[in-house]
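S.K.: Here it is: the structure, laid out below.
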Amino acid sequence: MALLTLKFVTDVRDEHYEVVEFHGELDQSTLLNTEKQMGEFLEPFKRPVLIFDLGDLKFINSEGIGFLVSIHAKLRKKGQNLFLCGFKKNVADVLGVIGLPSLIPVFPSVTAAIEHMKSL
Amino acid sequence: MEFFQKSIIRKTALFLAVTCIILGAGIYFFEKTGIAMLLVFFVITIILLYVLVHRPLTQVFREMKALLTNRPYKKIFSQRIDEVGVLAHFFNNITKNIERISVDIAEGKRMHKELSVGSDIQRRIIPKTMPSIPGITLFGNMRPASEIGGDSFDIVQTPQGNNYIYVGDVTGHGVPAALIMMMVNTIIRTFSETYGSGYDLIVNTNRILKQRIEPRRFMTCVLLRWNVQEQKLYYTGAGHEHILIFRKNQNVCEVRQTGGIALGMVPDISKIVKEEAIPFELGDTVVLYSDGIIEAKNMTGEMFGLARLKAAVEQYAATSSPEELFTNISKDFGIFVGDQIQEDDITLIVLHRA
């Protein structure tokens, strides 16, 4: 059974964003727990940008992508943004095939995502 | 239920009574006194046994007997905290759980029946026989991971000479995915009578679908359009897996990205998708598939992967009809996954330029 750990990284010097690191695999077996954790996290989340660091995400399937799209939709409703960054090749391929970059901004690294955010 | 014929309580009371009588008789024979006291003790003992033990236990056992012999039983009301109270509490809990399980089983049977009906409905909309299309031969099938699935494929022929062949894959599987799959199937069938290109079909299907599904749901799709008059093949991608094209002249399998974005993700995909022509020469073969094939794992957790699928196409396509190629790929796939449980719906369509 696949495992996924989320690590919430808060930048105390900058209140404009927060980073969530994904370590493991995002599929139907890890989805329920991830949704629960993210639901609890998003409830009080007020910052304008949420960055998902997917650099250590080893696998994602269509249900995982559905999860990313639902988080994006929730944030957009509140006027916030989701950025995705740092993919392994197989994850980047899946996201590219489905056309996710047309919907959610993607960046090669967290630094690039932060720079883009500051340029807005 | 023979063991119910004997009562340990009755036997105990009888044993106590006989013991008291023998003891009383003995004392009376030797002492000639105390008979009145003995009788009082005997009567009090019997009354206490009846009130404190026999009556409540009889009530508990009556209900237990009713339960075990499938007769109507009642909840036992008891405030006692001794052994009788424990028995009553145990009985009440057991019967409550049995009732809940019975309801769950009945509900499960009802749901299973409804799923079977749903499965039948879904099977009816998946093409069972391949239509005759001038210029091409084809074969395809879909196998859901559960009773009903989110994969879809269809072949739609129009009077204008357009033949639409598509494969779609809704996020996840099961009932929610199947409902979306049915929705898309109906929309595409309906729009194929109105629109004359894959582009219009996909853009308008997305427009309708997006209004009706929650954000986490979407459907990847690739739609081929074979125009009989032009003898040309076009494709429109909506975030689906690659198209495999076996070129008979070069004996190689080309992998082409479908592009676009999955249906249901954004309201308007008119700027994102496009219809493009695929060179499709005599003897060439096109293979469409869903991710259930390439993401299927074997017993060691290794995925079947695009490379294996491509290799299978290269190995068999030159000498196989669409049905034979389908069968050969299915065999290779079956050998690879072994006894591993199918986790996702799988679909494979083979198209041959004849």
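Derivation of every value follows stated rules applied to the coordinates shown; laboratory data play no part. All values derive from a computational prediction rather than experimental measurement. Cβ atoms come from the backbone with ideal geometry, glycine included; neighbour counts cover every protein chain shown.
S.K.: Need the full-extension length gain, B:Glu214 to B:Ile21, defined as separation in residues times 0.36 nm minus the C-alpha distance. One decimal, nm. If you can, show how the numbers build up before the last one.
M.R.: On the way: separation 193, 0.36 × 193 = 69.48 nm, distance 8.27 nm.
Extra length from B:Glu214 to B:Ile21 when fully extended: 61.2 nm.
S.K.: Now a separate question. Return a whole-number percent for the relative contact order of chain B, with Cα pairs under 8 Å and 6 or more residues apart as the contact set. Don't skip to the answer; put the middle values down first.
M.R.: Details: 576 pairs, mean separation 51.9, N = 354.
Relative contact order comes out at 15 percent.
S.K.: Add -39500 (n - 2.57) for each DSSP H run of 4 or more in chain B, then divide by its residues: what number comes out at 222 nm, to the nearest 500 deg cm²/dmol? Mind dumping the intermediate values first?
M.R.: Numbers: 9 runs with 158 residues, N = 354.
Estimated from H runs of four or more residues: -15000 deg cm²/dmol.
S.K.: Which lysines, on any chain, are close to A:Lys118 with Cα under 18 Å apart, when same-chain ones fewer than 8 places away are left out?
M.R.: Output for A:Lys118: A:Lys46.
S.K.: I need the calculated FRET efficiency for the pair B:Asp120 and A:Ala112, taking r as the beta carbon distance and R₀ as 45 Å, to the nearest 0.05. Please list the in-between numbers first.
M.R.: Working: r = 52 Å, r/R0 = 1.15.
My answer for the efficiency is 0.30.
S.K.: While we're here: Find how many whole Å separate the alpha carbon centroid of segment B:201-277 from the alpha carbon centroid of segment B:110-129.
M.R.: Each part reduced to its Cα centre gives a spacing of 26 Å.
S.K.: For segment B:270-354, which GluC sites (Glu not before Pro) are in a loop by DSSP, counting at most 15 other Cβ atoms within 10 Å? Don't skip to the answer; put the middle values down first.
M.R.: On the way: sites: B:Glu275, B:Glu276, B:Glu281, B:Glu295, B:Glu302, B:Glu314, B:Glu323, B:Glu324, B:Glu343; in loops: B:Glu281, B:Glu295, B:Glu302, B:Glu343.
Qualifying residues, ordered by number: B:Glu281, B:Glu302.
S.K.: Provide a whole-number value for the mean count of partner chain Cβ atoms within 10 Å of the Cβ atoms in peptide B:261-268. Numbers along the way, then the final one.
M.R.: Numbers: counts 6, 10, 1, 2, 11, 4, 0, 0.
So the per-residue partner count for this stretch is 4.
S.K.: Tabulate in residue order the Karplus-calculated ³J(HN,Hα) for segment B:298-304, using 6.51 cos²θ - 1.76 cosθ + 1.60 with θ = phi - 60°, rounded to whole Hz; enter x for Gly and Pro.
M.R.: Karplus-based 3J(HN,Hα) across segment B:298-304 equals 8, 5, 9, x, 7, 7, 4 Hz.
S.K.: Normalise the Cα radius of gyration of the protein assembly as shown by 2.2 N^0.38 Å (N = residues in it) and let me know the number.
M.R.: Values: Rg = 35.1 Å, N = 474, 2.2 N^0.38 = 22.9 Å.
It is 1.53.
S.K.: If you take the beta carbon distance between B:Ser132 and B:Gln315 as r and set R0 to 30 Å, what does 1/(1 + (r/R0)^6) give as a FRET efficiency, to the nearest 0.05?
M.R.: 0.60
S.K.: While we're looking at this one, here's another question. Once amide H atoms are placed 1.01 Å from N in the peptide plane, what residues at a sequence separation of 5 or more from A:Asp56, or on another chain, have their amide H within under 5 Å of its amide H?
M.R.: Under 5 Å from the amide H of A:Asp56 lie the amide H atoms of A:Phe22, each far enough along the sequence or on another chain.
S.K.: For a quick check: with amide H placed at 1.01 Å from N, whose amide H comes under 5 Å from A:Asn81's, ignoring anything fewer than 5 positions away on the same chain?
M.R.: Distant-sequence amide H within range of A:Asn81: A:Val49, A:Leu50.
S.K.: Suppose the chain between B:Lys96 and B:Arg256 were pulled fully straight at 0.36 nm per residue; how much longer would it get relative to their current alpha carbon spacing? Display every interim value, and only then the final one.
M.R.: On the way: separation 160, 0.36 × 160 = 57.60 nm, distance 5.99 nm.
Taking 0.36 nm per residue and subtracting the Cα distance, the gain is 51.6 nm.
S.K.: To continue, here is another question. Within 10 Å of each Cβ of B:293-303, how many other protein chain Cβ atoms are there on average?
M.R.: On the way: counts 0, 0, 5, 0, 0, 0, 0, 0, 1, 0, 2.
Across B:293-303, the average partner-chain Cβ count within 10 Å equals 1.
S.K.: Same structure again: Along Cα→Cβ, 7 Å out, is where each label goes; now give me the distance between the ones at B:Phe29 and A:Glu15 in nm to one decimal.
M.R.: Distance between label points: 10.1 nm.
S.K.: Modelled label-to-label distance, A:Leu32 and B:Thr190, 7 Å Cα→beta-carbon offset: nm?
M.R.: Spacing of the two 7 Å Cα→Cβ label points: 3.5 nm.
S.K.: Please compute the modelled spin-label separation between B:Gln342 and B:Arg71, points set 7 Å along Cα→Cβ, answer in nm with one decimal.
M.R.: 5.1 nm
S.K.: While we're looking at this one, here's another question. Measuring from centroid to centroid over Cα atoms, what is the spacing of segment A:32-92 and segment B:285-354 in Å?
M.R.: A separation of 32 Å, based on Cα centres.
S.K.: Normalised by the residues of segment B:91-175, what does the relative contact order come to in percent, with Cα pairs under 8 Å and at least six apart? Numbers along the way, then the final one.
M.R.: Values: 74 pairs, mean separation 18.8, N = 85.
Relative contact order for segment B:91-175 comes out at 22 percent.
S.K.: For n ≥ 4 DSSP H runs only, could you compute -39500 (n - 2.57) per run for chain A, divide by its residues and tell me the 222 nm figure to the nearest 500? Let's see the in-between values first.
M.R.: Working: 4 runs with 51 residues, N = 120.
So the calculated ellipticity at 222 nm is -13500 deg cm²/dmol.
S.K.: Need one value for A:57-67: mean number of C-beta atoms belonging to other chains within 10 Å of its residues' C-beta atoms.
M.R.: Working: counts 0, 0, 2, 0, 7, 18, 7, 1, 7, 11, 3.
The mean count of partner-chain Cβ atoms within 10 Å per residue comes to 5.
S.K.: Considering only DSSP beta bridges with both partners in chain A, what is the antiparallel share in %, to the nearest 5? The partial results should precede the final answer.
M.R.: On the way: 7 of 23 bridges.
Around 30 percent of the beta bridges assigned by DSSP in chain A are antiparallel ones.
S.K.: Just to verify a number: FRET efficiency for B:Ile105 and B:Ile335, C-beta to C-beta distance, R0 = 56 Å, to 0.05? Provide the component values of the computation, followed by the final result.
M.R.: Working: r = 38 Å, r/R0 = 0.69.
Rounded to the nearest 0.05, the efficiency is 0.90.
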